[in-house]
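The values are calculated or read from the model by the stated rules, or taken from the named source; none is laboratory data. This is a predicted model, so every value here is computed, not measured. Backbone-built Cβ (ideal geometry, glycine too); neighbour counts: all protein chains shown. Note: accessible area is taken over every heavy atom of the protein model, side chains too, but ligands, DNA and RNA are not part of it. Shrake-Rupley method; radii C 1.70, N 1.55, O 1.52, S 1.80 Å.
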Amino acid sequence: MMFALCAGAVEVAVDVGHYAAEPGVISASGKPEFEYNLALALDVKVELEKLQMQVRLIGEKGDYAVLRHRTRDAAGADLFLSIHHDSVKERLLPRADEFAGYSLFVSRNNPRQQKSLACASRIGKAMKESGFIPSRYHADPVLGESRPFADEANGVHYYDNLAVGRSASMPSVLVEAGVIVNREEEDRMRDPAVRRRIAAAVAAGVHACLGGGS
Ligand SMILES: [Zn+2]
């Protein structure tokens, strides 16, 4: 029934986390997170388009300082997908090499909370099937922020006040692709072949969630 009401192709708003003036985490080698987010978002765009989905890039020019403008400018898209790379708490930076893996976040304040979770779970499942490992430390009360798991097996957490989750009118998922304050993980994230595998997994998960199939 739903598909009969939806004219045209599925559209995904791919949001490049952070912006030029505040480029996010600084990686182990001193690079701003925004560079990583942009490179991965462009690969995700390619992979989504291969699966016949339309893509609207948000923030790729590095000029979106106001978070709610991102979700506003995504109006009409079927999914808001925010691309980030992860860090750890400042006091844990000396131990950053101990932290690795991807994390996914959804907000229970999003009006499409169940669809958000379904998409995040599919993305996490596809990441695992591609050999990536979900990070556990965001859920840890000491090392992380006690973020409750929404789907522990697939690395999905609830982050209810997440601005891009809360302010989106469509389902919304935030992806932390890997921990770039970890030296080895940063090297992996910088490898174009690894980046393409992440992008393909993200796109496959989105397709499984939005693009038909079970
Ligand atoms: Zn970020």
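Check S172 against each of (1) within 14 Å of V14 (Cα to Cα); (2) open to solvent by less than 10 Å² (accessible area, probe 1.4 Å); (3) within 13 Å of the ligand (Cβ to nearest atom) and name the one condition it does not meet. Result: S172 passes all but (3). Across the range 77-92, the qualifying residues are those that are more than 20 Å from R112 (Cβ to Cβ) and more than 16 Å from the ligand (Cβ to nearest atom), and the one among them that is most open to solvent (accessible area, probe 1.4 Å) is R91.
Note on the range 47-63: residues that are touching a strand residue (DSSP E or B) at 6+ places or on another chain (Cβ under 9 Å), open to solvent by 50 Å² or more (accessible area, probe 1.4 Å) and either within 16 Å of the ligand (Cβ to nearest atom) or charged (D, E, K, R) (or both) total 5.
For the range 102-116, the set of residues classified as open to solvent by less than 40 Å² (accessible area, probe 1.4 Å) and either out of contact with any helix residue (DSSP H, G or I) (no Cβ under 8 Å at 6 or more places or on another chain) or among the aromatic types (F, W, Y) (or both) consists of Y102, F105, listed by residue number. Take the conditions (1) closer than 20 Å to V44 by Cβ; (2) in contact with an Asp or Glu (Cβ under 9 Å, 6 or more places away or on another chain); K128 misses just one of them, which is (2). Of all residues in the range 21-46, those being within 16 Å of the ligand (Cβ to nearest atom), within 21 Å of R197 (Cβ to Cβ) and surrounded by fewer than 16 Cβ atoms within 10 Å (Cβ to Cβ) number 0.
Restricting attention to the range 145-156, the residues that are crowded, with 16+ Cβ neighbours inside 10 Å and either at positive phi or touching a Lys or Arg at 6+ places or on another chain (Cβ under 8 Å) (or both) total 2.
Filtered by the rule that a residue be at pLDDT 95 or above and within 16 Å of the ligand (Cβ to nearest atom), the range 67-76 gives R70, T71. Which residues, counting only those in the range 166-198, are within 15 Å of S107 (Cα to Cα) and among the acidic types (D, E)? Correct list: E176 only.
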